[in-house]
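This report refers to the structure that appears directly beneath it.
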Amino acid sequence: MKTFNLIICLALVTLLIWLNRTFVPDGVPAFGGLSWYGWVSIVLVIFFVGLVATLHDFARVLGFFKPDLIVGSELPAIRLLDRAELAELGLAKYRGPEYPHPVIFAERCIGCQACVDACPHDVLAIIDGHAVAVAPDLCMEDTACEAECPVNPKACIVINTTKPIVSRPSPTRDGGTYQTNVPGCYIIGDVSGVPLIKNAVKEGAEVIANIASDLKTAPTEPKAEYDVAIIGIGPGGASAAAAAHELGLRYVAIEQDQILSSIENYPKGKYIYFKPDTKDWEGGLPALGAGNQREKVLEAWNGSLIGNGVRINEFESCKAISRADDGDYFVINTERTEDKAQQAYNSRRVVIAIGLRGAPNKLRLPNEDMTIRVEGRDEPKVLYSLSNPADYRGRRIVIVGGGNVAVEAAVDLVANRNSAEITPRSPAETNHVILLVRTYLAPTVKFGNKVQLYQCFDDGILDLRFGVAIKEMREDELVLEDVRTGKEIETVPNDLVFALIGGERPDRFLKSVGITIE
């Protein structure tokens with residue numbers, strides 16, 4: 001019994017005794033020691049006290065809820081399918097479960113797997129080239145699947161939820177022409193927020209077709225030496241350059257690294273899938289089926305570009321893009337990597353295909369640019385990508401990161417892959433690898449990668465540590481610290497550090513051009 005209830009009982013007993021002594025004179029009929037009006041008074045008092053106690057408890061419980069959920073205030077709207085969406089699904093009425101879960105629009109879905117990777121509860125899977133809600137009853141209303149869906153309108157929609165959906169930032173562009181809010185400036189590929197190599201190649205050819213059509217009716221611009229400038233020569237930019245060359249447009253193609261560097265940076269032997277495999281291949285690069293090995297992709301695409309005479313300015317970075325004040329053209333300022341020579345190009349139209357990741361994120365250690373002596377030559381101690389795991393044998397390596405790239409690198413440095421199967425390297429070929437994860441593995445880490453990571457950990461060929469970071473870096477050792485407390489843990493011998501913690505988004509560059517980020 002609560003103290004409050006005990007006090008009420010004692011108060012009622014006291015009241016009963018007081019009423020009996022005060023209001024029942026000698027000789028007056030009484031029922032159980034009280035007159036009839038005494039009993040009525042007690043009933044009224046009990047009712048009043050009970051009402052006060054009930055209202056008190058009700059107010060206390062209601063205080064646990066957010067103000068916007070209190071009775072009488074406006075409640076958040078529950079996301080349901082509207083008539084147009086039902087018609088697109090071929091339904092007159094939705095008869096699915098009433099709890100929150102994702103609904104997939106197959107015709108919109110490009111099979112990029114972004115929703116599958118974002119869902120931490122294995123609700124979704126890719127079947128026949130598009131996402132399918134295979135286990136809607138496991139949905140915990142995370143809504144990350146809809147937030148990560150890159151297409152517009154969304155192919156993945158979470159219904160029966162009141163949670164607001166905050167999508168990842170993406171530049172403003174027209175879905176049909178790929179033109180941004182800056183007239184004459186177009187954007188394609190990963191940087192647009194829509195992933196997939198096959199999609200980027202398709203957009204590269206289509207954007208050049210749109211530009212060629214636009215220039216036919218646009219007034220001539222004598223101050224422009226080029227019809228189109230293509231910034232970034234990954235799959236999308238390479239496709240655009242090939243299409244511009246084929247259509248006879250005056251073009252300049254600029255790449256800050258080497259051609260197809262995004263493919264070059266994949267680990268050697270990596271199999272590249274061209275999703276979705278249900279859609280036909282379109283674009284200025286040759287088709288290679290549903291997928292192929294990295295080396296064969298590079299050989300085919302580089303061979304096609306060189307064989308057709310497509311001109312690419314490699315190792316030349318774009319520093320600024322600005323619209324001219326005296327005509328309908330853009331000024332593109334660049335710098336050559338080798339000699340820092342400055343160059344300016346005047347182009348009527350611009351295609352930005354720079355990819356989603358810019359400069360790599362740094363560890364922010366005082367001596368992060370340290371070099372070490374390896375076989376008579378100086379090499380950086382900290383690397384930001386792993387292209388060929390076979391180049392590293394018998395090394396003491398620390399990897400920093402908790403995403404797919406870091407996990408795959410850790411596994412590749414201690415084991416050999418054979419599709420989904422892995423086997424430990426021989427003692428002479430293996431490395432001593434420590435994977436440092438500041439908090440926990442990213443929700444986007446694929447299930448297969450997690451299985452392989454923990455298999456290596458269980459086999460004792462990989463050291464996995466959570467909540468640990470590098471405090472100090474020395475030539476042949478690292479000082480590790482506890483992320484939460486900042487306390488030094490231990491010093492470990494070390495040859496190399498791979499900082500695989502992602503890269504800066506190119507939002508600042510896009511905004512400098514005038515492109516808005518939604």
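Some points to look at:
- DSSP assigns beta bridges within the chain; of those with both partners inside it, close to 60 percent run antiparallel.
- For the stretch 362-446, the orientation-averaged shadow of the C-alpha convex hull comes to 6.7 nm² (one quarter of the hull surface).
- When +1 charges are put on Lys and Arg Cβ atoms and -1 charges on Asp and Glu Cβ atoms, the dipole computed for the stretch 96-184 relative to its Cα centre reaches about 380 debye.
- Convex hull (Cα only) mean projected area of the stretch 429-518, reported in nm² to one decimal: 9.4
- Only DSSP H runs of four or more residues enter the estimate; each adds -39500 (n - 2.57), and after division by the residues of the chain the mean residue ellipticity at 222 nm equals -8500 deg cm²/dmol.
- Taking a span of 24 Å or more along the helix axis (Cα atoms) and a mean Kyte-Doolittle hydropathy of at least 0.5 as the rule, the DSSP H helices of the chain that qualify are 3-23, 36-62.
- Accessible surface, per residue, of the chain when the full set of protein chains is kept, probe 1.4 Å, Å²: 55
- Protection-proxy order for peptides 374-385, 288-299, each taking the mean of Cβ atoms within 10 Å per residue, highest first: 288-299, 374-385
- Fraction of the pair-distance distribution of the chain above 36 Å, Cα-Cα pairs, percent: 51
- Debye log10 I(q)/I(0) at q = 0.27, 0.29 Å⁻¹ for the stretch 234-277, Cα point scatterers: -0.99, -1.04
- Taking packing as the residue-averaged number of other Cβ atoms within 10 angstrom, the listed peptides 133-142, 49-58 run from highest to lowest as 133-142, 49-58.
- Highest-first arrangement of 455-461, 478-484, 252-258, 327-333, where packing means the average Cβ count within 10 Å: 252-258, 327-333, 478-484, 455-461
- The C-alpha atoms of the stretch 308-449 occupy a region whose extents along the principal axes are 65, 41, 40 Å, arranged from largest to smallest.
- Expressed as a whole percent, the accessible surface of the chain that belongs to carbon and sulfur atoms is 55, based on a 1.4 Å probe.
- All C-alpha to C-alpha distances of the stretch 244-332, sorted into 10 Å bins beginning at zero, yield P(r) values of 14, 35, 33, 15, 4, 0 percent in whole numbers.
- Taking only the C-alpha atoms of the stretch 305-370, the Rg (one decimal) and the largest Cα-Cα distance, Dmax (whole number), read 16.2, 48 Å.
The values are calculated or read from the model by the stated rules, or taken from the named source; none is laboratory data. Given the structure is predicted, the values throughout are model-derived calculations rather than measurements. Cβ: placed from backbone, ideal geometry, glycine included. Neighbour counts: every protein chain shown. With ligands, DNA and RNA removed, areas are computed over all heavy atoms of the protein, side chains included. Shrake-Rupley method; radii C 1.70, N 1.55, O 1.52, S 1.80 Å.
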